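Values quoted throughout were computed directly from the atomic coordinates according to the rules given, and no laboratory measurement underlies them. Because the structure is predicted, anything quoted here is derived from the model rather than measured. Cβ placement follows ideal geometry from the backbone for every residue including glycine, while neighbour counts extend to all protein chains displayed.
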Amino acid sequence: MKTIFHLDMDAFFVSVERILDPSLEGKPVIVGGDPHGRGVVAACSYEARKYGLHSAMPIKTAFRLCPNGIYLHGHHKEYGRYSRVVKRLLEKVFPIVERASIDEFYLDFTGCEKIYGAPDSFAERIQKEIWETIGLPCSIGIASNKTVAKIASDFKKPKGITFVPHGKEKEFLAPLKIEKIPGIGKATFNLLHSRGFITVNDIANVSQDYLSILLGKYGTDLWKKANGHGTDLLSVEHERKSISKETTFGKDIVSKTKIESVIFELVGEACQLLRNGMLQTSTVSIKLRYADFSTLTRAKTIKQTDDDKVVYDVAVDLFRKAFTRGVGIRLIGIHLSKLSQFAEQEILFEDEEIARKKMLSAVTKIRDKYGFESIHIGKTEND
């Protein structure tokens, strides 16, 4: 039987903001933008949660509940950078690391006891190392599979460690509220509650057939989770099929210059992700959403590239041809698809391309170390 860690960064966006600005420590901090505008809470500190705030809550509702909170747009490029730093630290000690999202990781500890000792003791060491070297708090759940480990990591937040011994999965889950099971949305929660399901034990103790009739295929999956079952297979790398970056404006935009400036930033971020993954794209798409919520997309197939300038030129051309209505823009997005691994032999005899490839590689390393804003490519404020 395997031993799986689920490491979840505590209030990750807020924790990064506090590294950047220590004066935020101990205060109710909400990442999500203008409290008087559109949008939702991306993350909030534990101090803010005392007011009833939570992720995905409309930002206006959050402000009504917590008017004295500190509301931030957030440094999203920094979140990605810190996530990569955490991942590199984990890869030094765990044989298999799966990044499930920007702030959570699955780690395979199976067979490592002879090297590192007991799982819960090693979890304390990792938690302490991340805090002392990076300054970020985290919680860790340990179990025989990913589902139980994920639930366990949320059991004693913040800075908690919960170890569920093999064979004790069902016993651990039994008293928990059903909403602690990953994947139970509002509609499913309401349906289960109406049928008298309050705790995980209530689900575990009915027949699998009953849940299958009630919820279809998901019912079978839910019954297995409630009984402590789950996958223990970690994926080292997900094959990335596309990269998307988009921005929703607080106020509808009609200025082409402003929109093209945003396209430039989005392309830079998307191409940075391409190079981090040693990928190239051959299809560039844009998405425009107007103030009246009508949406259009345009795409163009090109020669494989990871070059900001090439992608930007294509994206701007698509935008200029598509932006024909006298209506403001609510959202602009960039989508790169038909991705493939970069093959250096394709440019062995093209000196100019080699020089630019080296330049782009250097830019990528600088941004990874010092942040996306530390260097720009091919365009300035005066262009």
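Only Lys, Arg, Asp and Glu carry charge here, each on its Cβ (+1 for the first two, -1 for the last two); on that basis the chain has a dipole of about 940 debye about its Cα centre.
Farthest towards the positive end of the charge dipole of the range 92-193, among the residues Phe94, Thr188, His166, is the Cα of Thr188, using unit charges on the Cβ of Lys, Arg, Asp and Glu. Spread over its residues, the convex hull of the C-alpha atoms of the range 1-164 is 105 Å³ per residue. Of the residues Trp223, Trp131, the one with the fewest other Cβ atoms within 10 Å heads the list, and the complete ranking is Trp131, Trp223. Of Glu124, Glu78, the sequence from fewest to most neighbouring Cβ atoms within 10 angstrom is Glu124, Glu78.
Between helix 119-134 and the chain there is an angle of about 30 degrees, using the helix long axis and the longest principal axis of the Cα atoms. For the range 170-226, the relative contact order works out to 37 percent when only alpha carbon pairs closer than 8 Å and six or more residues apart are counted. Taking every alpha-carbon pair under 8 Å whose residues sit at least 6 apart, the chain reaches a relative contact order of 13 percent. The overall shape of the chain, judged from the alpha-carbon gyration tensor, is prolate: a/c is not under 1.5, and a/b is greater than b/c. Taking every pair of alpha-carbon atoms in the range 201-342, what share in percent sits in each 10 Å bin, from 0 to the bin with the longest distance? Taking all Cα pairs of the range 201-342, the binned fractions are 11, 31, 18, 15, 19, 7, 0 percent. Remark: relative contact order (the range 1-134) = 26 percent; criterion is Cα-Cα distance under 8 angstrom and separation of 6 or more residues. Counting other Cβ atoms within 10 Å as a rough exposure proxy, the listed residues Ile30, Ile263 run Ile263, Ile30 from fewest neighbours to most.
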